[in-house]
Amino acid sequence: MTSIGGAEMVDWKLAVATAARLMRPGPEVTRDEAREVVAELRRHAGASEAHVREFTLMRPAGAAAATPVLVVDRVGWVKANVAGFRAVLGPLLEKMQSRRAGVPGGAVLGVVGGKVTGVELGMLLSFLSSRVLGQYETFAPASPELPGGDNGGGRLLLVAPNIVHVERELEVDPHHFRLWVCLHEETHRTQFAAVPWLRDHIEGEIQTFLAETELDPATLLERIREAVQSLAGGRAPEDEGERGGRSIVELVQTPVQREVLARLTAVMSLLEGHADYVMDGVGPQVVPSVAEIREKFQQRRATGAGRLDAALRKLLGLDAKLRQYRDGERFVRAVVDEVGMEGFNRVWTSPNTLPTKAEIAKPADWVARVHGKTDG
């Protein structure tokens, strides 16, 4: 493990243990009910492949089409994400280790150490572990417990207890809801399986973002302190100027990182919005109660579970995630209405045909740039 000052920067095992200790209990189900949920989710995931590919006209080929679908519990989701974090953050942690000597304030990180960092990461994952219904893991190192696709390919996770919890909370048909969730997540699997360059492009952007990380602990602590003061009411929202309303994630950034984040935000808005568009487009054909599910789910997504939940979403930048679903779906719908599904699919041609953050907000600008069409 990467370490600083003789102490591990991140104690990954402690992160998993902390999350497991703090996470909420799942819904009460019998052993037979649990088996049936797992079996049904697997069936729906398989059925979703054909529905999504027919609707999107996207055709995965070769080994990329064989990424595994795993039905997991909350601890399994945490373990998978810790493995992903460890893989993605490895280069940054190595760089911080090599620059440890002589860095002003570097001793602070040595004192804090990996135990504290592991606990903090575990607390974050415990919060998220009860909220994620499914996830396509783009960077998924394989293990005996959590297999991945060939040649570093991803895997699709379906978090069974969370799906059961939400379907009960919304009081919707459980069989319809499970298929609806699988349609969304299968769309993500299809995106990466049918667009071979997409994974490497996103990974390159993430590594560029991490390479620009300011390694001066004093600067880092100052930015975190500024974020905390803002969230604690140290400044009134109207006095925050350019940084008003930013999450802690956004505040700990350099100008170059903000440029990278803008590009990543556009890509994630596209991917999430496309998945929402597809599951609602396919839905009426195979999910009779899709309109009811969508209405109730949108209300739940927007309101969260209370004031504490809203504060944590703000702190972690999860409000931006909600905007990605909304803005991305609006972009996809507008483009498909204008140039059809095949015309929209030109978005997957290369990184140059991905929409910019500005084009997500103004789909006509993307159509004009890529298709040479204008409203006139």
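Given the residues Ala107, Ala140, which is the only one that is of a type in the set (A, V, I, L, M, F, W, C), modelled with pLDDT of 70 or more and either outside any strand (DSSP E or B) or surrounded by fewer than 21 Cβ atoms within 10 Å (Cβ to Cβ) (or both)?
Selected residue: Ala140, the only one of Ala107, Ala140 that is of a type in the set (A, V, I, L, M, F, W, C), modelled with pLDDT of 70 or more and either outside any strand (DSSP E or B) or surrounded by fewer than 21 Cβ atoms within 10 Å (Cβ to Cβ) (or both).
Name the pairs: first residue in segment 31-60 and touching a residue at least 12 places away in the same chain (Cβ under 8 Å) and assigned to a helix (DSSP H, G or I), second residue among the basic types (Lys, Arg) and surrounded by 12 or more Cβ atoms within 10 Å (Cβ to Cβ), Cβ to Cβ under 7 Å, at least 6 apart or on different chains?
Glu40/Arg178; Leu41/Arg178; His44/Arg178
Does Leu92 satisfy the criteria of being crowded, with 18+ Cβ neighbours inside 10 Å, modelled with pLDDT under 95 and not in a helix (DSSP H, G or I)?
Against the criterion (crowded, with 18+ Cβ neighbours inside 10 Å, modelled with pLDDT under 95 and not in a helix (DSSP H, G or I)), Leu92 does not qualify.
All but one of (1) within 14 Å of the chain's Cα centre (by Cα); (2) among the hydroxyl-bearing types (Ser, Thr, Tyr); (3) surrounded by 23 or more Cβ atoms within 10 Å (Cβ to Cβ) hold for Thr190; state the number of the condition that does not hold.
(1)
State the number of residues belonging to segment 249-299 that are closer than 20 Å to Val52 by Cα and either free of Cβ contacts under 8 Å to residues at least 12 places away in the same chain or not polar (S, T, N, Q) (or both).
24
I want to confirm something. Restricting to segment 349-361 and keeping residues that are over 14 Å from Gly273 (Cα atoms) and free of Cβ contacts under 8 Å to residues at least 40 places away in the same chain, which single residue is surrounded by the fewest Cβ atoms within 10 Å (Cβ to Cβ)?
Of everything passing the filter in segment 349-361, Asn352 is surrounded by the fewest Cβ atoms within 10 Å (Cβ to Cβ).
Which condition number in (1) more than 24 Å from the chain's Cα centre (by Cα); (2) under 30 Å from His176 (Cα atoms); (3) modelled with pLDDT under 90 is the one that Gly241 fails?
(2)
Of these, Ala266, Ala310, Ala320, Ala364, which one is part of a helix (DSSP H, G or I), surrounded by fewer than 16 Cβ atoms within 10 Å (Cβ to Cβ), modelled with pLDDT under 95 and aliphatic (A, V, I, L, M)?
On inspection, the qualifying residue turns out to be Ala310.
Quick one: how many residues across segment 252-271 are among the acidic types (Asp, Glu) and more than 18 Å from Ala358 (Cβ to Cβ)?
0
I'd like the full set of residues that are surrounded by 14 or more Cβ atoms within 10 Å (Cβ to Cβ) and either under 16 Å from Ala262 (Cβ atoms) or of a type in the set (Gly, Ala, Ser) (or both), limited to segment 197-209.
Those that are surrounded by 14 or more Cβ atoms within 10 Å (Cβ to Cβ) and either under 16 Å from Ala262 (Cβ atoms) or of a type in the set (Gly, Ala, Ser) (or both): His201, Ile202, Glu205, Ile206, Thr208, Phe209.
Determine whether Val71 is in a helix (DSSP H, G or I) and within 23 Å of the chain's Cα centre (by Cα).
Details: in a helix (DSSP H, G or I): no; within 23 Å of the chain's Cα centre (by Cα): yes.
Judged against the criteria, Val71 is not a match.
The values are calculated or read from the model by the stated rules, or taken from the named source; none is laboratory data. This structure is a prediction, so every number in the text was calculated from the model and none was measured. With ideal geometry, Cβ positions are generated from the backbone for all residues, glycine too; neighbour counts draw on all protein chains shown.
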